[in-house]
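Have a look at the structure below, then the notes.
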């Protein structure tokens, strides 16, 4: 029997949360109700009161009520909820969490869930579970469950949705995760245009005794990878696909933010880095491309994804940025440059082949890089098995060097 936290505004949505609690208890589990309401008296008795939640945020509840400011109330609850949930988890009092809400409830509920580790069951039933939910998910595995109708009373639609959501969180806490033998973890970045390279390198690293976690370089993937490195659980980094920096520079839709590439450098985690897919900036359908890029070279990856070739000037900037980030490295790092193309579509004869842009990228990276950081240049494309093998071997060498306590450079 598990204990599932039910977090929500028990004044305005107590009836709906109470229904979910009944469904959970009918499955044989216990519930722990956390009230983050502010407007009126709770209609579902809480186990953790709103006063406790605001106190966890360092806010006086009575003063908050007196100000009658809904925005301040949501902010206070969104700061207190993560601390409450983290404490309950540390005390081993909860095994999962579910919340229901509209805009304010979703902001509070997901803020709390983001404080919980990956793998911990989290379900958010929300009116906002469509479109761009990145601000609510962050880098965590929160299940966003569309409410279909507003979370405003029980009816023939909401009963179905809430029953299924309750079943989902129960199924998640009941699931037994198979335990495998722990191996040191390597994280890798991949795009469709670097898949062959990563797959070959992954197999070599796995044969050497490592577990390789591959992250899709879609902005969110890069942020998740960086956050995992920061936890200290990662032994090495196979950063084949640094394309998210092209989107950060040019305003594409798959940016991972300005701190991409910093986690491994600052944590001293052994790494290899290549300029994989820095030939492309990602936009959605063609009509979404900013007008300022009219006349540039584009490639239709599919009807929803339009790629723009980075220019020589942009590539020079990208090379300088990569050098700046890698110069922060506290552990062994090696840069590998594929002179035959940084993606499938920039190989000779392909749509994004541009030797001038590649030369600008490589030159800026090499000239800006710290002298003690090795650079390996190869006359092949990034997806050539020889390049992938070189990446894997370089990372294994850096891992061995770090284990032996040797300095950053070879």
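Worth pointing out:
- Candidates 226, 244, 79: whichever shows maximal mean-square fluctuation once the chain is modelled as a Gaussian network with Cα springs under 10 Å: 79
- Spatial separation of Cα centroids for the stretch 306-361 and the stretch 64-114, in angstrom: 43 Å
- Antiparallel bridges, percent of DSSP beta bridges restricted to the chain (to nearest 5): 15 percent
- Fewest-first ordering of 91, 262, 248, 72 by other beta carbons within 10 Å of each residue's beta carbon gives 91, 72, 262, 248.
- Sequence of 35, 384 once ranked by neighbouring C-beta atoms within 10 Å, starting from the fewest: 384, 35
- Label-to-label distance for residue 185 and residue 294 is 4.8 nm, based on points extended 7 Å past Cα in the beta-carbon direction.
- Counted over the stretch 48-101 with a bin width of 10 Å, the fraction of Cα pairs per bin, in whole percents, is 24, 51, 22, 4.
- When the chain is treated as a GNM with alpha-carbon contacts under 10 Å, the residue of 386, 66, 353 showing the greatest mean-square fluctuation is 66.
- Within the chain, helix-based [θ] at 222 nm, where runs of 4 or more DSSP H residues each add -39,500 (n - 2.57), nearest 500: -12500 deg cm²/dmol
- Here the gap between residue 62 and residue 375, fully extended at 0.36 nm per residue and compared with their Cα-Cα distance, gives a gain of 106.6 nm.
- Most mobile of 131, 102, 167 in a GNM of the chain (Cα contacts under 10 Å): 131
- Counting other Cβ atoms within 10 Å as a rough exposure proxy, the listed residues 99, 158 run 158, 99 from fewest neighbours to most.
- Tilt relative to the chain, helix 156-174 - C-alpha long axis, 0 to 90 degrees, to 10: 60 degrees
- Degrees separating the helix 220-230 axis from the principal Cα axis of the chain, which is the longest one: 90 degrees
- Axis of helix 355-368 versus longest Cα principal axis of the chain: the two differ by about 80°, to the nearest ten degrees.
- The calculated FRET efficiency for residue 199 paired with residue 26, based on their beta-carbon distance and R0 = 41 Å, is about 0.35.
Computed from the coordinates by the stated procedures, all read-outs in this text should not be read as laboratory data. Model, not experiment: these values are computed from the prediction. Cβ sites come from the backbone with ideal geometry, for glycine too, and all protein chains shown count toward neighbours.
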